[in-house]
Amino acid sequence: MWRFHMPTEVFFGEGVVLGRGELLTKFGKKALIVTGRSSSKKNGSLDDVIGALEKFGIEYAVFDEVEENPSFNSVRKAVKEYRGIGFDFVVGIGGGSPLDFAKALAILLVEDVDVEDLYTENRRWRAVPVVAVPTTAGTGSEVTQLSVLTDDLGNKRGCQTVFPALAFLDPRYVYHLSEDLTLTTGVDALCHAVEGFLSKRATPPSDALALHAMKITFENLPKALRGVNEARRNMLIASNLAGMVISQTGTTIAHALGYPLTTEKSVRHGAATGMVLPFVIEVMKEENPEKVHKVNEIFGGNLLVFLESLGLYKIKVDVTEDEIARWAEKAMKAKHLAHTPGAFTAEKIAKIYKEALKT
Ligand code: NAP
Ligand code: FE
């Protein structure tokens, strides 16, 4: 038995925020905009959202302090400032960090609980609607119900929050991304498609989306890195489709292995996951050789060679044996293992880290 549920209404196109701004009126008269510190001011997305809100007489406030890999304490700060003021909806603008933050905040504005409770209490939360405006072609967070936040101990943890009601995807915003961000966020989308395809939770519709997202990525990510806007536009489509994939399947142990590289070694999320992925799928091959073969085939015969050709392994990470052993032990407790194919052990995971980081 399988189910496919992805309730977000998605609009894609240049100028879509102002062009379809009337859609915002159905969410109410008072909006809280949640964004990062600077990029949305430079790429035009914040002006577009404000323009649309003003055009339709919707009041708004702007919280522009979301950092990369947002922490519980940042969420608490926003809750303290904005809970009880009567916002009708939240508009998240930016990469996965502001979008995930916006989805958690949408609950915490109306539920009298702490952000930590979102992880420990398994119940349906009330929330105000979320509108998502992604400006990276990476996480697909605009079409998932997941929020990844950094807890009080410095661990990245994902929890179920809410699907955005509406997503506006304007490819012009991703034309502003640096080469580094195009690579790391594009590789995140690649990981979502590959991991979702190989997950034990994969379904026929999620596979259809994943296969298409992988093909788009193979054809477009190298050109997107060279600054070809058409290719960047296609990567925004790939990341959206790959987001729909993980909204059904979740991610796998590859994401869990990437987390300490981000929190302890400051490697960007997509790069951290992408570096370990080709070695992770070698273990997955034990259980699902046909699908792993298909992945390699789509990426020109070998996923590792494709990722090397993008320059992903130029990122240098200094690690010790002790760190690798600690991360491997931690990964063995990750909930991702339950739906990851292959017989993972702490020894195999330590070997994956060593191969990926060339230690
Ligand atoms: P991000 O952390 O949101 O942003 C990274 C950097 O990119 C920031 O410095 C940001 O600047 C800048 N930026 C964003 N858009 C830009 C643009 N159009 N032009 C130039 N710079 C831009 O990056 P991300 O990779 O999109 O998100 C990563 C986060 O999402 C991680 O926390 C990850 O765990 C999470 N994630 C969530 C899901 C999910 O399903 N919910 C899936 C995968 C990953 P500003 O700070 O100034 O905006
Ligand atoms: Fe990711």
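FYI, it's all coordinate maths here, none of it is from the lab. Note that the coordinates shown come from a computational prediction; the quantities given were computed from them, not determined experimentally. For neighbour counting, all protein chains shown are included, and Cβ atoms are generated from backbone atoms with ideal geometry for every residue, glycine included.
A few points about this structure:
- Residue pairs whose Cβ atoms lie under 9 Å apart, separated by 6 or more positions or on different chains, with the first residue in region 77-91 and buried (at least 16 other Cβ atoms within 10 Å of the Cβ) and the second aromatic (Phe, Trp, Tyr) and part of a loop (DSSP other than H, G, I, E, B), do not occur.
- Sole exception among (1) more than 8 Å from ligand 1 (Cβ to nearest atom); (2) under 14 Å from the mean Cα position of the chain (by Cα) for residue 199, by number: (2)
- Scanning region 167-203 for residues that are surrounded by 21 or more Cβ atoms within 10 Å (Cβ to Cβ) and not in a helix (DSSP H, G or I) yields 167, 168, 169, 170, 177, 199, 202.
- In region 216-247, the residues that are charged (D, E, K, R) and in contact with a helix residue (DSSP H, G or I) (Cβ under 6 Å, 6 or more places away or on another chain): 223, 232, 233
Yes/no matrix, rows are residues, columns are (1) under 12 Å from the mean Cα position of the chain (by Cα); (2) within 26 Å of residue 10 (Cβ to Cβ); (3) β-branched (Val, Ile, Thr):
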| residue | (1), (2), (3) |
| --- | --- |
| 78 | no, yes, no |
| 86 | no, no, no |
| 89 | no, yes, no |
| 94 | yes, yes, no |
| 102 | no, yes, no |
| 107 | no, yes, yes |
| 111 | no, no, no |
| 126 | no, yes, no |
| 141 | yes, yes, no |
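- Residue count, region 336-351 (criterion: part of a helix (DSSP H, G or I), touching a helix residue (DSSP H, G or I) at 6+ places or on another chain (Cβ under 9 Å) and among the small types (Gly, Ala, Ser)): 2
- For region 144-157, the criterion of being touching a Phe, Trp or Tyr at 6+ places or on another chain (Cβ under 6 Å), farther than 30 Å from residue 20 by Cα and of a type in the set (Asp, Glu) is met by at least one residue.
- Exactly one residue out of 260, 278 is of a type outside the set (Gly, Ala, Ser), away from ligand 2 (no atom under 13 Å from the Cβ) and under 19 Å from residue 217 (Cα atoms): that is 278.
- Options 212, 176; residue that is within 30 Å of residue 89 (Cβ to Cβ) and away from ligand 2 (no atom under 14 Å from the Cβ): 176
- The condition of being closer than 22 Å to residue 133 by Cβ and not aliphatic (A, V, I, L, M) holds for only one of 199, 206, 266, 178, that being 178.
- Any hit, region 145-166, residues being more than 9 Å from ligand 1 (Cβ to nearest atom), surrounded by 19 or more Cβ atoms within 10 Å (Cβ to Cβ) and charged (D, E, K, R): no
- Contact map, region 123-149: first residue at positive phi, second residue hydrophobic (A, V, I, L, M, F, W, C), Cβ cut-off under 8 Å, separation 6 or more or different chains; pairs are 140/189; 140/241; 140/242; 140/244; 140/245; 140/246.
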